[in-house]
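A short worksheet on the structure shown next.
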Amino acid sequence: MDATLLLGLYRQMALCRRFEEAAAKAYSQGKVSGFLHLYVGQEAVAVGAISAAEPTDYVVATYREHAHYLARTGDARGAMAELFGKASGCSGGRGGSMHLFDAAHRMLGGWAIVGGHVPIAAGVAFASKYRDEKDVTLCFFGDGTANMGAFHEGLALAGLWKLPVVFICENNQYAMGTPLYRTLSVEDVAVRARGYPMESEIVNGDDVLEVREAVRHAVNRARRENLPIFIEAKTYRFRGHSVADPATYRSKEELRKWMERDPIRMLADRIQTLGIATEEQLGALDDEVKAQVQDAVEFAERTPAPEPDTVGEHVYA
Amino acid sequence: MPEPRVLTFREALREAMVEEMERDPSIFLMGEEVGHYNGAYKVSEGMLARFGEKRVIDTPIAETGFAGVGIGAAMVGLRPIIEFMTWNFSLVAADQLINNAAKLRYMSNGQFTLPIVFRGPGGAAHALAAQHSQALESLYAHVPGLKVVMPSTPADAKGLLKAAIRDDNPVVFIESEVMYALKGDVPAGEHVVPLGVADVKRPGRDVTLVAWSKMVHTALKAADVLTGEGIEAEVVDLRTLRPLDERAVLASVARTHRCVVVQEGWPFAGVAAELIALVAREGFDDLDAPPERVTNLDVPMPYARNLENVVLPSPERVVATVRRVLGLTEAPRRPAVAGRGR
């Protein structure tokens, strides 16, 4: 096992977790507004998947995309300032939590209407193929997307035109407040990929290495063979749909069971078992991450809001 | 100056696309039946043979899918032309146009440009009934982030489409099924009509008729009738609804002191209402009469031809409205809006 890799993944997942804890706190203090959808518990999916791609591969994600943004850019300041609605935010305070963009790092959003970004991701992959470039597009979405027309049309075109995109379903068991067994007519979202046709794989979304390995394989094939591949990562959202949701629709017992397989805890155990780092050393890494998040919060607090007279900028090019 | 030739509206559109695609390999055409079928309305006839399947791309019936593919491709630097077989079908992809295309640049703080044209025929043709006869420009013009272009002549069709393709914003380009065979002089080669610039299609001193696309011809026919009565109507063709050439409208009203907007489509919250608000606000001192509008009746389009004719603006209705605006008749007003409160 590559010690640097494991510690790097640990650091990234810890950054996502600490970032969102700080964001939730800032929200409760009224410093962050709007919708705030937390990814707590699902970090292994975004971190594992994005670590498996090249930095030049594209990332297209949903409104629950803090972790994707952080995994791709490492830019806690830009993300936090965006949540705070500041001009220094990665989207200039015009996007907020749901619309994190970084063109230079090929982080293409941040899309907040369920399903609508799936055809867009196919289009990004279409452009790669059109220009004979070898970049692959990673498209993230939740299980709730699997009943949307846009999801099916995006997959249909990617399958028809053999576009190099890896579709990654983050199956966190709930479409907002409704469990899968009441919203999905099939057991696994992955079976829906078959008809398009697309190879699919189901992975343990709480195991960052399993996610990484599956996505690495998928990205390589997509790049080499110009085709789409579908991965379903089974995971769990520890918090509600958004911070406004107390998630009373699920039992404490169910939550406890899933929290036992907290992806960060599992990776920490593995790192210690393999003798790569001690608990103290991981604690020190955590402190580093906390300091980075604290710095981001301070940055967000001290930088100015967008100038009111810029409100009309960027409507048109 | 390039020599003009007589082309049909559809040939002019095709020439714009062909010339632009010859110039820039990042432009491609995608839509239902655009390739092997040579276009549902033959606008893209011959383009597959010329450019091949890589750049003239037939899609399945999946408007959300291929509109979204176009947006994704434009996000990373291609310049797609997405054809809707009719704009009625764009409603299936409204999420892509309104939630995604119109918003991307703003919500990314200008990090992305979206050079994409959505084009196809809109408005009523003949007896196509409620779901295939909608003039949806007011809906799209409502949305900041989209440009909306509606040519009325073959020359403008070519020049505006070339400008739309070169524009770095999402452009809604609405043609008309019943105008595809319309003939007119079209300059060969480089002929670009800038977006956002209206054109006086006929000068006149007594009343301003503001129109676009098919309704320009309705207004011109009305103007011919009015000439016989000694009334000279000026016909201002907006050509682009967004950005709106406010100055051209106000300048014309300043000359004529009267304004009638001729709009296909429903009256409620339509572009005509916006124009009347503009004229009332900015041109108030110039007006000798309240501005008026002639629009579709406020009903879904009926199938029967006689009913369809009642619904659509006609030269006769324009003439009657002009007479009223000039104080020549006391013609009863037709109730413009169905189901309005008491």
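The values are calculated or read from the model by the stated rules, or taken from the named source; none is laboratory data. Treat the numbers as computed from the prediction; the structure is a model and nothing was measured. Please note: Cβ atoms are built from the backbone with ideal geometry, for glycine as well, and neighbour counts cover all protein chains shown. The accessibility values were calculated without ligands, DNA or RNA, using every heavy atom of the protein model including side chains. Shrake-Rupley method; radii C 1.70, N 1.55, O 1.52, S 1.80 Å.
Out of the stretch B:194-214, which residues are among the charged types (D, E, K, R) and either closer than 16 Å to B:ALA233 by Cβ or modelled with pLDDT under 95 (or both)? Spell out the reasoning first.
Let us first name the residues in the stretch B:194-214 that are among the charged types (D, E, K, R), namely B:199, B:201-202, B:205-206, B:214.
Scanning the stretch B:194-214 gives B:ASP199, B:LYS201, B:ARG202, B:ARG205, B:ASP206.
Filtered by the rule that a residue be assigned to a loop (DSSP other than H, G, I, E, B), within 7 Å of chain A (Cβ to nearest Cβ) and in contact (Cβ under 8 Å) with a residue 12 or more places away in the chain, the stretch B:89-116 gives B:PHE112, B:THR113. Among the residues making up the stretch A:146-184, those that are more than 21 Å from the chain's Cα centre (by Cα) and over 23 Å from A:ILE229 (Cβ atoms) are A:TYR181, A:ARG182, A:THR183. Counting residues in the stretch B:119-136 that are at pLDDT 95 or above, under 18 Å from the mean Cα position of the chain (by Cα) and within 14 Å of another protein chain (Cβ to nearest Cβ) gives zero.
Restricting B:ARG79, B:ARG10, B:ARG14 to those that are open to solvent by 50 Å² or more (accessible area, probe 1.4 Å) and modelled with pLDDT of 95 or more reduces the list to B:ARG10. Inside the stretch B:12-39, can you point out the residues that are without any contact (Cβ under 8 Å) to a residue 60 or more places away in the chain, of a type outside the set (A, V, I, L, M) and closer than 17 Å to A:LEU157 by Cα? Once the filter is applied, which keeps residues that are without any contact (Cβ under 8 Å) to a residue 60 or more places away in the chain, of a type outside the set (A, V, I, L, M) and closer than 17 Å to A:LEU157 by Cα, the stretch B:12-39 yields B:PHE28, B:GLU32, B:GLU33, B:GLY35.
Per-residue answers, yes or no, for (1) among the aliphatic types (A, V, I, L, M); (2) out of contact with any Asp or Glu (no Cβ under 8 Å at 6 or more places or on another chain); (3) assigned to a helix (DSSP H, G or I):
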| residue | (1), (2), (3) |
| --- | --- |
| A:ALA222 | yes, yes, yes |
| A:PHE230 | no, no, no |
| A:SER242 | no, yes, no |
| A:ALA247 | yes, yes, no |
| A:ARG270 | no, yes, yes |
| A:GLY275 | no, yes, no |
| A:VAL289 | yes, yes, yes |
| A:ASP295 | no, yes, yes |
| A:GLU313 | no, yes, no |
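Of all the criteria given as (1) over 20 Å from B:VAL200 (Cβ atoms); (2) buried (at least 24 other Cβ atoms within 10 Å of the Cβ), the one not satisfied by B:SER314 is (2).
Counting the residues of the stretch A:231-247 that are open to solvent by 40 Å² or more (accessible area, probe 1.4 Å) and touching a residue at least 40 places away in the same chain (Cβ under 8 Å) gives 4.
Among the residues of the stretch A:216-230, is there at least one that is open to solvent by 70 Å² or more (accessible area, probe 1.4 Å), away from chain B (no Cβ under 14 Å) and under 24 Å from A:HIS66 (Cα atoms)? Give the steps one after another, and end with the answer.
Pass one, the stretch A:216-230, residues open to solvent by 70 Å² or more (accessible area, probe 1.4 Å): A:216-217, A:224-225.
Subsequent filtering for residues that are away from chain B (no Cβ under 14 Å) retains A:216-217, A:224-225.
Of the ones still in play, those that are also under 24 Å from A:HIS66 (Cα atoms) are A:216.
There is at least one residue in the stretch A:216-230 that is open to solvent by 70 Å² or more (accessible area, probe 1.4 Å), away from chain B (no Cβ under 14 Å) and under 24 Å from A:HIS66 (Cα atoms).
Residues in the stretch B:38-57 that are touching a Leu at 6+ places or on another chain (Cβ under 8 Å) and farther than 11 Å from B:PHE28 by Cβ: B:ASN38, B:VAL43, B:SER44. Taking the numbered list (1) more than 10 Å from every other protein chain (Cβ to nearest Cβ); (2) open to solvent by less than 20 Å² (accessible area, probe 1.4 Å) in turn, A:GLY144 passes all entries but (2). In the stretch B:198-317, counting only strands (runs of 3 or more DSSP E) that sit wholly within it, the ones holding 1 or more residues that are over 16 Å from the mean Cα position of the chain (by Cα) span B:199-202, B:207-211, B:233-237, B:259-262, B:292-294. Just one residue in the set A:ALA103, A:ALA112 is open to solvent by 20 Å² or more (accessible area, probe 1.4 Å), within 7 Å of chain B (Cβ to nearest Cβ) and within 15 Å of B:ARG105 (Cα to Cα); that residue is A:ALA103. When the residues of the stretch A:152-193 are filtered to those that are among the charged types (D, E, K, R) and modelled with pLDDT of 95 or more, the one that is most open to solvent (accessible area, probe 1.4 Å) is A:LYS162. Out of (1) of a type in the set (A, V, I, L, M, F, W, C); (2) closer than 23 Å to A:SER242 by Cα; (3) open to solvent by less than 20 Å² (accessible area, probe 1.4 Å), the odd one out for A:ALA53 is which? (2) is the only condition that A:ALA53 fails. Among the residues examined, A:ALA53 does not qualify as touching a Pro at 6+ places or on another chain (Cβ under 6 Å), under 22 Å from A:ASP207 (Cα atoms) and more than 11 Å from chain B (Cβ to nearest Cβ).
Scanning the stretch A:115-132 for residues that are facing another protein chain (nearest Cβ under 8 Å) and either open to solvent by 10 Å² or more (accessible area, probe 1.4 Å) or among the hydrophobic types (A, V, I, L, M, F, W, C) (or both) yields A:VAL118, A:ILE120, A:ALA121, A:ALA122, A:VAL124, A:ALA125, A:PHE126, A:ALA127, A:TYR130, A:ARG131.
What do you reckon, is A:ARG94 more than 9 Å from every other protein chain (Cβ to nearest Cβ), in contact with a helix residue (DSSP H, G or I) (Cβ under 9 Å, 6 or more places away or on another chain), open to solvent by 30 Å² or more (accessible area, probe 1.4 Å) and farther than 21 Å from A:PRO228 by Cα? Against the criterion (more than 9 Å from every other protein chain (Cβ to nearest Cβ), in contact with a helix residue (DSSP H, G or I) (Cβ under 9 Å, 6 or more places away or on another chain), open to solvent by 30 Å² or more (accessible area, probe 1.4 Å) and farther than 21 Å from A:PRO228 by Cα), A:ARG94 does not qualify.
Please tell me if B:GLU53 is in the same structural domain as B:MET150 (by TED's automatic domain parsing) and either touching a Lys or Arg at 6+ places or on another chain (Cβ under 6 Å) or more than 27 Å from B:ALA130 (Cα to Cα) (or both). So B:GLU53 passes the test.
Taking the condition of being out of contact with any His (no Cβ under 8 Å at 6 or more places or on another chain), surrounded by fewer than 24 Cβ atoms within 10 Å (Cβ to Cβ) and not in a loop (DSSP other than H, G, I, E, B), how many residues in the stretch B:29-56 meet it? So that I can check it myself, show each step before the final result.
Taking the stretch B:29-56 as the starting set, the residues that turn out to be out of contact with any His (no Cβ under 8 Å at 6 or more places or on another chain) are B:29-47, B:49-56.
If we keep only those that are surrounded by fewer than 24 Cβ atoms within 10 Å (Cβ to Cβ) as well, we get B:30, B:32-33, B:35-38, B:40-42, B:45-47, B:49-55.
Those left that are additionally not in a loop (DSSP other than H, G, I, E, B): B:30, B:47, B:49-51.
Selection size over the stretch B:29-56: 5.
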